[in-house]
Amino acid sequence: MAKKGDWVRIHRVVLDAAGRNPNLPEDTAKVPLEMWVKGTLLADAEVGDEVEVETATNRIEHGTLVEVNPYYTHSYGKFVPELIQIDRQLREILFGGEE
Amino acid sequence: MALAKDYASVMGRNNEIMKEAMGLDYAQFESGKMRFDYEGLMASTGYTLEEIEKVQSATGVGNTPILELRNLTALARKYAKPGYGATILAKDEAANPSGSFKARRAACAVATAKKMGYKGVMAATSGNYGAAVASQAAMQGLKCIIVQECFDSHGVGQPEIIEKARKCEAYGAEVVQLTVGPELFYTFLSILEDTGYFNASLYSPYGIAGVETLGYEIAMQCREKYGKDPAVVVCTSAGGGMMTGTARGLIKAGATNTKCIAASIDLTGLHMASDTAFNKKSCTTGHTGFGVPYAVDPDHSDVPRSAARPLRYMERYVTVKQGDVMYITEALANLEGIERGPAGNTALAAAFSLAQELPADEYIIISETEYTGAGKHVQPQLAFARENGIEIKFGDPNAEDKPGVNIILPKDPSYIKTMDMDLDHMRKSFIKKACKKYGSFDIDEDDIAFLAEEVNSTPEFVKSVLEDLK
């Protein structure tokens with residue numbers, strides 16, 4: 001249950017596949033144009049409900065409630081062993097290894 | 001009565017919406033023929049270079065340091081013939097308040113919006129420009145909406161773009177995130193119409209005039225530090241604003257012998273509007289998917305006439321591979337002790353190769369660095385590639401690279417080699433597109449002279465291309 005005043009993320013289809021720009025690559029033409037925005041919830045709701053929010057610029061947007069207290073999950077990614085190889089190689093070429 | 005908000009209706013009101021949102025009537029620069037008054041458009045900002053410097057320095061933008069990349073220079077010299085290997089310099093644009101040179105472009109646009117009485121600013125951008133506009137809006141007390149192309153149809157976002165969204169939100173902006181497709185412009189226009197905000201377009205004359213200080217500073221700082229102008233400035237090229245503004249600034253500083261070279265990552269074969277190709281890219285900008293179309297057809301941007309016209313200024317256009325840029329990004333951190341990028345590192349990979357063509361007493365400078373962080377650092381870029389089925393291995397990038405299939409890390413630095421794009425081919429393509437838009441290959445002498453300026457060539461060249469096209 002999300003409360004009025006909670007910071008949430010909503011989702012909406014802006015253009016369904018048929019209403020899109022006629023000059024699109026085949027794969028893109030098959031799917032709708034979707035949008036996500038964040039804002040303050042204007043009334044109590046459950047995830048999945050159609051809701052209205054007030055955005056950071058005080059616009060009123062509507063869409064499906066998808067996330068309450070949304071947060072960032074992007075990161076520095078998983079370990080990439082090739083980067084260690086690059087580091088070793090560069091130091092070897094320029095400084096002659098450990099010497 | 002409420003206005004119709006379907007795709008065709010909103011796009012149909014493009015011109016009216018733009019006029020309201022920029023306080024600038026582009027019709028005044030049109031001559032009724034193919035040509036338009038480019039210098040008139042640039043002069044319409046009403047700012048001199050000195051005034052722009054003032055506007056920028058009021059918010060701590062510009063006057064960034066030049067860093068000498070000593071170890072990368074030494075490394076490049078190992079692969080150059082004796083007496084060759086220019087000193088590689090970097091204009092550390094990451095030192096701007098929003099972490100990239102885009103702060104220069106945003107400062108003028110947002111200051112203008114404020115002066116004209118707009119309550120807020122908008123920009124359609126998935127890159128550093130959004131953060132720059134948001135940062136400037138925060139400083140100047142305006143509201144800000146950034147519209148991004150961010151996700152594929154499975155809701156998987158490009159990590160680099162998600163990081164930019166975070167940065168915009170940190171500055172208090174609203175971020176509207178969309179799936180892949182050129183209709184981003186439709187959403188942008190629709191919100192612009194509803195809010196009455198200022199269109200802080202990257203391609204407005206303010207957006208380009210703001211970059212002129214960068215070229216000017218490069219010349220002045222090099223003269224002060226090294227007693228001469230750089231032989232070459234390398235600009236990472238996407239929308240063409242960096243190349244255009246930097247070159248104009250160099251000209252204003254009288255650095256007419258400095259060569260401007262554009263550099264993009266070669267992403268040939270990946271369609272930019274393709275939903276499935278979207279996350280097969282392991283970089284989100286500075287690539288040929290933007291660089292080439294904006295060079296040969298600058299007026300397909302979010303303004304009626306783009307102030308970014310890179311073909312007027314570039315003397316060469318080179319490409320590097322994704323793996324080259326990732327390798328050089330790691331080298332920059334490991335050998336120079338600075339973590340930057342990715343965007344400026346396209347130019348850096350190119351400069352590493354181009355330096356080897358120049359005598360050792362010359363200077364080659366990359367026009368920008370940018371901040372790095374979660375999502376846009378080389379490790380998450382490579383990890384994201386691997387998660388999307390892209391093969392990562394060491395090899396010869398120029399022989400084995402296949403955009404969307406693999407990333408070839410150079411097996412040693414000697415394999416970082418730029419490839420030259422055929423500029424005459426791009427010039428022909430520009431002329432062909434311009435004539436198609438105009439509706440005829442039969443154009444008058446004034447339009448021929450205009451096209452010659454547009455493609456940085458001669459009227460004779462334009463005439464010969466027109467003959468071939470007829």
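Annotations
- Extreme residue, surrounded by the fewest Cβ atoms within 10 Å (Cβ to Cβ), among residues of the stretch B:137-163 that are part of a helix (DSSP H, G or I) and touching a residue at least 60 places away in the same chain (Cβ under 8 Å): B:Gln140
- Pair list, Cβ < 7 Å and 6+ apart or interchain, from the stretch B:274-287 residues that are over 15 Å from B:Ile392 (Cα atoms) and within 11 Å of chain A (Cβ to nearest Cβ) to residues that are in a loop (DSSP other than H, G, I, E, B) and of a type outside the set (A, V, I, L, M): B:Ser274/A:Pro25; B:Asp275/B:Asp152; B:Asp275/B:Ser153; B:Ala277/B:His271; B:Ala277/B:Gly404; B:Phe278/B:Asp152
One line per residue, one yes/no per condition, for (1) under 30 Å from B:Gly341 (Cβ atoms); (2) in contact (Cβ under 8 Å) with a residue 24 or more places away in the chain; (3) away from chain B (no Cβ under 14 Å):
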residue	(1), (2), (3)
A:Trp7	no, yes, no
A:Ala18	no, no, no
A:Asn21	no, no, no
A:Val66	no, yes, no
A:Phe79	yes, no, no
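- Residue count, the stretch B:206-247 (criterion: farther than 19 Å from B:Gly40 by Cα and either touching a His at 6+ places or on another chain (Cβ under 8 Å) or among the aromatic types (Phe, Trp, Tyr) (or both)): 3
- Residue match in the stretch B:436-445 (condition: surrounded by fewer than 20 Cβ atoms within 10 Å (Cβ to Cβ) and either under 30 Å from B:Ala131 (Cα atoms) or in contact with a Leu (Cβ under 6 Å, 6 or more places away or on another chain) (or both)): yes
- Leading residue by the ranking (farthest from the chain's Cα centre (by Cα)) among those in the stretch B:256-308 that are buried (at least 21 other Cβ atoms within 10 Å of the Cβ) and aromatic (Phe, Trp, Tyr): B:Phe278
- Qualifying residue in the stretch B:309-327 (condition: surrounded by 22 or more Cβ atoms within 10 Å (Cβ to Cβ) and of a type in the set (Asp, Glu)): yes
- Residue pairs whose Cβ atoms lie under 8 Å apart, separated by 6 or more positions or on different chains, with the first residue in the stretch B:407-421 and within 17 Å of A:Gln89 (Cβ to Cβ) and the second hydrophobic (A, V, I, L, M, F, W, C) and part of a loop (DSSP other than H, G, I, E, B), are B:Ile407/B:Ile390; B:Pro410/B:Ile416.
- The residues listed here are B:Ala111, B:Ala76, B:Ala131, B:Ala94; of these, the one that is in a helix (DSSP H, G or I) and touching an Asp or Glu at 6+ places or on another chain (Cβ under 6 Å) is B:Ala94.
- Members of the stretch B:67-91 found to be under 29 Å from the mean Cα position of the chain (by Cα) and either polar (S, T, N, Q) or facing another protein chain (nearest Cβ under 10 Å) (or both), listed by number: B:Asn71, B:Leu72, B:Thr73, B:Ala74, B:Leu75, B:Thr87
Values in this text are rule-based calculations from the coordinates and carry no lab data. Source: prediction; values computed, not measured. All Cβ positions, glycine included, derive from the backbone under ideal geometry; neighbour counts span all protein chains shown.
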